[in-house]
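Data block below; observations after.
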Amino acid sequence: MIDIGIDESARKGHRLLTVSAVVGQQARMRILHKKWKTDLKRAGVDYFHATEHWNLQSKPYNGVSMKVREELLLTLAACLNKYIYSAVSVTIDTDEYKQMTSDRFRSQFGSPYTMAVQLLTILIHKELVRKQRSAEDVGFMLEEGKHIYQALAIIDKSIKEPYAFLRVVTSGKGDKASHPILQAADLVSYGWGEYQVTGQSKMLRAVAAKHPKRYSCVPWTPALIACLKSGVAEDITRRREFGAPPLARGLKPLLKLPDGVGGRI
């Protein structure tokens, strides 16, 4: 069984959305869950939240010093690297996405967040094929929020679907404070979002410096959405004319992307 936790990050005043998925074998993710909570407790922190990690007024951090926060970041990064298979990410310029797609397209095939989640399913598929784990059952957990239900509905449609890229058997939502897998996804998504905007990120460097290939990111380009829209149209035509099974609604072009696509930290 493969566990997948998904969280997103958007920097205030910037239109770039980053969505990340942490992927790992269920037994090892259970170990991560316990170890992560133990590390937080030892540091005197209730739960990890990337946007609050350096804020001295943050309530979950109970006034712990910057030195302790620096050490905690490295400890959590080491925990993440020890227990996960990989963490894949997608960035989308939300304004450009909305300009390039119609209301009808977004209602059928996804808001920026939902499209990012669908792109992640393809990247996860590629990772599991590489590890010879693509035949294993998969369970999704998304951080709770009003924006996740369209994505959850699409994931749910793939449950027991024989032509789906992933063998999804469970899906659901959870709060960040209670689920280290979501905190881990938050760490990765914040790091990639920060890097895409500023060109550097202490958080991304902490998790990816030793194993950069585990932390791929598909960066935003208008051509990507144009390719997806074309794929959607072709898929609809095939199903109408030939009764072909669904092909993940226009996501097939991503299967041609090279492994490890994305920038370096």
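Coordinate-derived values only; no laboratory data. Bear in mind the structure is a predicted one, so any value in this text is a computation, not a measurement. Here the Cβ is made from the backbone with ideal geometry for all residues, glycine too, and neighbour counts use every protein chain on show.
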Whole Å is fine, so just give me how far the alpha carbon centre of region 94-158 lies from that of region 165-205.
14 Å
Determine the sum of side-chain charges near Lys82: Lys and Arg each +1, Asp and Glu each -1, restricted to other residues whose C-beta is under 9 angstrom from that of Lys82.
+2
Helix-derived [θ] at 222 nm for the chain: sum -39500 (n - 2.57) over DSSP H runs of at least 4, divide by residue count, nearest 500?
-15000 deg cm²/dmol
About the Cα centre, charge dipole magnitude for the chain (Lys/Arg +1, Asp/Glu -1 at Cβ), debye:
520 debye
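Multiply the residue separation of Asp137 and Asp175 by 0.36 nm, subtract the distance between their alpha-carbon atoms, and state the gained length in nm to one decimal.
Contour length minus the Cα-Cα distance gives 11.4 nm.
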Quick one: length gained pulling His211 to Ala153 fully straight, 0.36 nm per residue minus the C-alpha distance?
17.6 nm
Say R0 is 22 Å: what FRET efficiency, to the nearest 0.05, do Ile31 and Met1 get from their beta-carbon distance?
0.95
What is the calculated FRET efficiency for Gln99 to Asp46, with r their C-beta to C-beta distance and R₀ = 41 Å, to the nearest 0.05?
0.55
Summed over the other residues with a beta carbon less than 11 angstrom from that of Met141, with K and R at +1 and D and E at -1, the charge totals -3
Cβ-derived FRET efficiency at R0 35 Å, Val68 paired with Arg130, nearest 0.05:
0.40
By average C-beta atoms within 10 angstrom, highest first, the peptides 162-168, 61-67, 118-124:
118-124, 162-168, 61-67
First check a/c for region 1-155, with a ≥ b ≥ c the square roots of the eigenvalues of its C-alpha gyration tensor; if it is under 1.5, answer rounded, and if not, answer prolate when a/b is larger than b/c or oblate otherwise.
oblate
Please sort 178-186, 106-114 by packing, taking for each peptide the average over its residues of neighbouring beta carbons within 10 angstrom, highest first.
178-186, 106-114
